[in-house]
Amino acid sequence: SPSAPSVSSSHSGAELGPPVTFTCKSGGFSPRDIAVTWLKKGAKLPAPQPRVLPEHESVSYNMSSTVSRA
């Protein structure tokens, strides 16, 4: 079964001001198709499609999705 999504941030807590990058990772899923939606205060943020590896056919996949906010 897939791993629970893990979200990390580039914000250290000591830094002030933008930008902040958030990354969501998950793995162990199949089929390869997956969608990630980033929200800020309930509004959908524009973000590139998640990167899914491996690029060839496999029994399970890992994904990474990153969004930056100002």
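Data overview
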| item | result |
| --- | --- |
| Pairs with Cβ under 6 Å, 6+ apart, first in the stretch 1-24 and open to solvent by 90 Å² or more (accessible area, probe 1.4 Å) and in a loop (DSSP other than H, G, I, E, B), second modelled with pLDDT under 95 and not hydrophobic (A, V, I, L, M, F, W, C) | Pro19/Ser68 |
| So Ser68, is it in contact (Cβ under 8 Å) with a residue 40 or more places away in the chain and among the polar types (S, T, N, Q) | yes |
| Residue check for Ser68: assigned to a strand (DSSP E or B) and at pLDDT below 95 | yes |
| From Gly42, Gly27, residue being under 15 Å from the mean Cα position of the chain (by Cα) and open to solvent by less than 90 Å² (accessible area, probe 1.4 Å) | Gly27 |
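The values are calculated or read from the model by the stated rules, or taken from the named source; none is laboratory data. Given the structure is predicted, the values throughout are model-derived calculations rather than measurements. Every residue, glycine among them, receives a Cβ derived from its backbone with ideal geometry; neighbour counts consider all protein chains shown. All accessible areas refer to the heavy atoms of the entire protein, side chains included, with ligands and DNA or RNA removed. Shrake-Rupley method; radii C 1.70, N 1.55, O 1.52, S 1.80 Å.
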